[in-house]
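Following: one structure in structure tokens, then a few remarks.
The values are calculated or read from the model by the stated rules, or taken from the named source; none is laboratory data. Note that the coordinates shown come from a computational prediction; the quantities given were computed from them, not determined experimentally. With ideal geometry, Cβ positions are generated from the backbone for all residues, glycine too; neighbour counts draw on all protein chains shown.
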Amino acid sequence: MAALAATIAGLGAAGVEARHRRQPGNALECADTGWAAERSAADRLQVGGRLVLHNPQQTREVMVRELVPTIRLFGGGPTDELTVEARVHSDDKEYPTRADGNWASYVVKPASYGKDRFVDVRFEVCGPPSQLDALQAAWVTVDFDTYGYEGCRARNHHLMVPLAYPDDPAGADAGADGDSGAAWREVDGGSVLAVRTHLLVPGDDIVEVVARYAAPLARPGDIVAIGESPLAVMQRRMLDPSQVDIGWFASRACQFMSGEGSVGTAVGMQALVDQVGVTRVFAGLVGGVLGKLAGQAGWFYRICGEQSKLIDDVTGTLAPYDRFVVLGPLDSDRVCAEIAASTGLEAVVVDANDLGRVDVIGASDGASAGLVCRALRSNPAGNADEGTPLVLIRPAP
């Protein structure tokens, strides 16, 4: 009898634990819309837009105890004389904006109510015109304190706002035939042109970016190469390490990887686990060990697949994305096909570095992978903050 009671109690406890693990906790999604920058005067810049708070749960409310927006300014010069004032406005009649500027604790109803909450945020940046002129991008972070099923939990939302758009992406006077003088340089198999763009941000459309910056400089037969990390950023494939829940497996598995690789940290490994699953990563670790014993390296990445090679951990991309883990892009072949259909340019998505390694991640039907690898071996796009995520490749006549 005692054994039966213990069994029932054990099963009951396991059921409660399983139910707890299925609960979404303080699940609250934050999205952004309508964000833009406007120079209202020579010494004033307005940056703002709307936040959308969505509670995906069906029965549980989530409270927002605090919401604090901050902005970081990136540019080609100092920003020490710029001042910033932030204003938050709620258009919800239940939770109107307080006159003293403090945040009023906010209830976000479950999705079953069919009602999201909207918050408008505005920043006014003031200072010398010379410093405002040098700004290139704004990184906005919204920290919000949630309260609900799992108690208090801090969350955040990041968005990037471009502040400068190059008039001449190539950095030279491009003629009607697509030439741009000395900006083109000879490489194996043809010539290349690194194309400057604005800071690409989550939500940018890669087809529109290519049409705006690369197509006017191209001739029939040219190929446009897109960096895999910029494409992933546009697809919102980036993670804030502070918001990644690290599991037991990832925290242990990362110790078996090189400390210089992107999956050699607990967050990087967890990102891979979330992409391909624990079973595949475990198989990759076992295969990697067996491969090394047999004198063959790289089996971990072969087994875990393409995403394991494309994850860029913190410091792996240009600012401000160097604070994030950037995953590999999705559907690269489809993206290239859309670019080709819309612009007439053959397209490739590449992972290139300063060591001469070039991997073609995706390509349109008419793009020559061999030509692309030869032409990009010198990595004309660069690995620093050149701001040239696109490269035009022109085959030799």
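Might you check whether a residue that is closer than 25 Å to ASP145 by Cβ, surrounded by 15 or more Cβ atoms within 10 Å (Cβ to Cβ), under 27 Å from the mean Cα position of the chain (by Cα) and basic (Lys, Arg) occurs anywhere in the stretch 83-101?
No, the conditions are met nowhere in the stretch 83-101.
Quick check on ASP245: is it outside the structural domain of LEU199 (by TED's automatic domain parsing) and either assigned to a helix (DSSP H, G or I) or surrounded by 15 or more Cβ atoms within 10 Å (Cβ to Cβ) (or both)?
no
Of the residues GLY305, GLY298, GLY277, which is in contact (Cβ under 8 Å) with a residue 12 or more places away in the chain, surrounded by fewer than 18 Cβ atoms within 10 Å (Cβ to Cβ) and at positive phi?
Within the list GLY305, GLY298, GLY277, the selection yields GLY305.
Scan (1) assigned to a strand (DSSP E or B); (2) in contact with a Ser or Thr (Cβ under 9 Å, 6 or more places away or on another chain) for the single condition ALA37 breaks and write down its number.
(2)
Counting only residues that are assigned to a loop (DSSP other than H, G, I, E, B), under 21 Å from ILE361 (Cβ atoms) and small (Gly, Ala, Ser), how many does the stretch 180-202 have?
Number of matching residues: 1.
The conditions are (1) part of a loop (DSSP other than H, G, I, E, B); (2) in contact (Cβ under 8 Å) with a residue 24 or more places away in the chain; (3) of a type outside the set (S, T, N, Q); (4) under 30 Å from GLU61 (Cα atoms), and ASP120 fails exactly one of them. Which is it?
ASP120 satisfies every listed condition except (1).
Looking at (1) outside any helix (DSSP H, G or I); (2) in contact (Cβ under 8 Å) with a residue 24 or more places away in the chain; (3) farther than 24 Å from GLU29 by Cβ, which one does SER130 not meet, given that it meets all the others?
The one condition SER130 does not meet is (1).
If I filter the stretch 106-116 down to residues being over 20 Å from THR70 (Cβ atoms) and touching a residue at least 12 places away in the same chain (Cβ under 8 Å), which single residue comes out as surrounded by the fewest Cβ atoms within 10 Å (Cβ to Cβ)?
Step by step, filter the stretch 106-116, then rank; the result is SER112.
Which of the residues that make up the stretch 28-46 are more than 26 Å from the chain's Cα centre (by Cα) and either basic (Lys, Arg) or under 30 Å from MET63 (Cβ atoms) (or both)?
Matches in the stretch 28-46: ARG39, ARG44.
What number of residues in the stretch 234-284 are small (Gly, Ala, Ser) and within 18 Å of the chain's Cα centre (by Cα)?
4
Out of ALA111, ALA37, report the one residue that is out of contact with any His (no Cβ under 8 Å at 6 or more places or on another chain) and within 26 Å of ASP240 (Cβ to Cβ).
Just one listed residue meets the conditions, ALA37.
Residue under question is GLY268, and the condition is that it be touching a Gly at 6+ places or on another chain (Cβ under 8 Å), more than 24 Å from ASP333 (Cα to Cα), not assigned by TED's automatic domain parsing to the domain that holds PRO202 and not in a helix (DSSP H, G or I); does it hold?
no
Taking GLU94 as the residue in question, decide whether it is assigned to a loop (DSSP other than H, G, I, E, B) and either under 30 Å from ALA137 (Cα atoms) or of a type outside the set (Val, Ile, Thr) (or both).
The answer is yes for GLU94.
Among the residues of the stretch 74-92, are any of a type in the set (Ser, Thr, Tyr), under 27 Å from ASP116 (Cα atoms) and either free of Cβ contacts under 8 Å to residues at least 40 places away in the same chain or in contact with a Cys (Cβ under 7 Å, 6 or more places away or on another chain) (or both)?
Yes: one or more hits.
Name, by its number, the condition in (1) at pLDDT below 95; (2) assigned to a helix (DSSP H, G or I) that does not hold for PRO220.
(2)
Which count do you get for residues in the stretch 57-74 that are assigned to a loop (DSSP other than H, G, I, E, B) and farther than 8 Å from PRO110 by Cβ?
0
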